[in-house]
Amino acid sequence: MSKEYRGKRVVLWPVNIDSSASRGEGRKIPLRDAVRKPRVEEIVEAARRLGLNPVVEEARYPRKWWEQTKRIIVDKAGSKLETLRRIAAEVKRLREEKKLRHSD
């Protein structure tokens, strides 16, 4: 991430909000706030809904450097943890809406 964004944007890896990941594996938020196996597409949609201007980049998560994955860079909304919590909550809402649409 370039210096011009420092303090204004946040790098988010899907594992940061994944309830199936441990803190040691990279989860940053409490289990009660986390989402099971979040997909990049869900995170991007949640960030869009929150007006956080998401940008997806191909990258390797440092703790699993051998796996090619993606990271999402978003505008910062409060602290990094608060931004992660808000995105996780929005992913949960997206999943609920999807479930309701499919149950009709």
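The values are calculated or read from the model by the stated rules, or taken from the named source; none is laboratory data. The model shown is predicted, which means the values in this text are computed figures rather than measured ones. Please note: Cβ atoms are built from the backbone with ideal geometry, for glycine as well, and neighbour counts cover all protein chains shown.
The table below lists the values:
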{"quantity": "Qualifying residue in the stretch 3-14 (condition: touching a residue at least 12 places away in the same chain (Cβ under 8 Å), among the aromatic types (Phe, Trp, Tyr) and not in a loop (DSSP other than H, G, I, E, B))", "calculated": "yes"}
{"quantity": "Any chance GLU57 is outside any strand (DSSP E or B) and either of a type in the set (D, E, K, R) or at pLDDT 95 or above (or both)", "calculated": "no"}
{"quantity": "The stretch 65-92: number of residues that are assigned to a helix (DSSP H, G or I) and in contact (Cβ under 8 Å) with a residue 12 or more places away in the chain", "calculated": "12"}
{"quantity": "Qualifying residues in the stretch 33-53 (those that are closer than 13 Å to LEU84 by Cβ and not small (Gly, Ala, Ser)) - the one surrounded by the most Cβ atoms within 10 Å (Cβ to Cβ)", "calculated": "ILE43"}
{"quantity": "Single condition ARG71 does not satisfy, out of (1) over 23 Å from GLU97 (Cβ atoms); (2) surrounded by fewer than 19 Cβ atoms within 10 Å (Cβ to Cβ); (3) under 14 Å from the mean Cα position of the chain (by Cα); (4) basic (Lys, Arg)", "calculated": "(2)"}
{"quantity": "GLU97 being surrounded by 14 or more Cβ atoms within 10 Å (Cβ to Cβ) and assigned to a helix (DSSP H, G or I)", "calculated": "no"}
